[in-house]
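The values are calculated or read from the model by the stated rules, or taken from the named source; none is laboratory data. Here the structure is a predicted model, which is why all the values come from computation and not from measurement. As a convention, Cβ positions derive from the backbone with ideal geometry for all residues, glycine included, and neighbour counts pool all protein chains shown. Surface accessibility is based on the protein's heavy atoms, side chains included, excluding ligands, DNA and RNA. Shrake-Rupley method; radii C 1.70, N 1.55, O 1.52, S 1.80 Å.
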Amino acid sequence: MAGLTAAAVAAVCFLAYQASANVPADLAAEPRNPGTAVPSISPSGGPKQPAKDPLAVPAASGSGERVVYSLADRRVWLVDTKGKATRTFTVMPSTVHPVPGAYSVTSRSGSVRGSDGVQIEHVVRFATAQDVAIGFSAAVDGSTPTPDPTKKTGGIRMKRADGDALWTFAVIGAKVVVVA
């Protein structure tokens, strides 16, 4: 028994020595300027970026009361007259996207069948691209599936509660700003 214990201790000591001998110099070194923070590294190897504040309205989205839709973030902000987001939420974009720019709500429908065959509610249309009407909506069954890439659809889907909020906020003529 003593022999096994001695062998285990020897193995652990050997591995500890190997680990300490292979530590890169920059991990063991003191920072050059005391009090200066060393940048942290993300898993991808680049500098760690601060987390985005989801309530932060995109800078290039204009001013005043508006709906802001970010194509890259797949997110919508409902912005009040003071430029503050009163609500923000993620969405599932359609297969046809609006070009970044400013639009106005042109039509609304309380309840219809979407171009994908799903029963939807609170449809707020604001643009047309590739002969497809583009607007926000919520599926009555609450789903937000990824759209079929073989079909040209313009419905930007959201959860029902978010659809209710957008319906109340975005009346005919309301400003919609699309950012990349």
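The conditions of being of a type outside the set (A, V, I, L, M) and either at pLDDT 95 or above or in contact with a helix residue (DSSP H, G or I) (Cβ under 6 Å, 6 or more places away or on another chain) (or both) are not met by Arg113. Name the residues in the stretch 132-161 that are of a type in the set (A, V, I, L, M, F, W, C) and in a loop (DSSP other than H, G, I, E, B), would you? Val140, the sole residue that qualifies. Can you spot a residue in the stretch 71-78 that is open to solvent by less than 60 Å² (accessible area, probe 1.4 Å) and small (Gly, Ala, Ser)? No - not one qualifying residue is present in the stretch 71-78. Contact map, the stretch 152-175: first residue open to solvent by 60 Å² or more (accessible area, probe 1.4 Å), second residue charged (D, E, K, R), Cβ cut-off under 6 Å, separation 6 or more or different chains; pairs are Lys175/Arg66.
Determine whether Arg66 is charged (D, E, K, R), open to solvent by less than 30 Å² (accessible area, probe 1.4 Å), within 15 Å of Phe136 (Cβ to Cβ) and touching a residue at least 40 places away in the same chain (Cβ under 8 Å). For Arg66, the condition - charged (D, E, K, R), open to solvent by less than 30 Å² (accessible area, probe 1.4 Å), within 15 Å of Phe136 (Cβ to Cβ) and touching a residue at least 40 places away in the same chain (Cβ under 8 Å) - is met. With respect to the stated conditions, Thr153 fails to be closer than 18 Å to Asp73 by Cα and modelled with pLDDT under 95.
Residues that are closer than 17 Å to Ser109 by Cα and surrounded by fewer than 16 Cβ atoms within 10 Å (Cβ to Cβ) within the stretch 119-139 comprise Gln119, Thr128, listed in sequence order. Residues in the stretch 86-114 that are within 22 Å of Pro54 (Cα to Cα), of a type in the set (Gly, Ala, Ser) and surrounded by fewer than 18 Cβ atoms within 10 Å (Cβ to Cβ): 2 in all.
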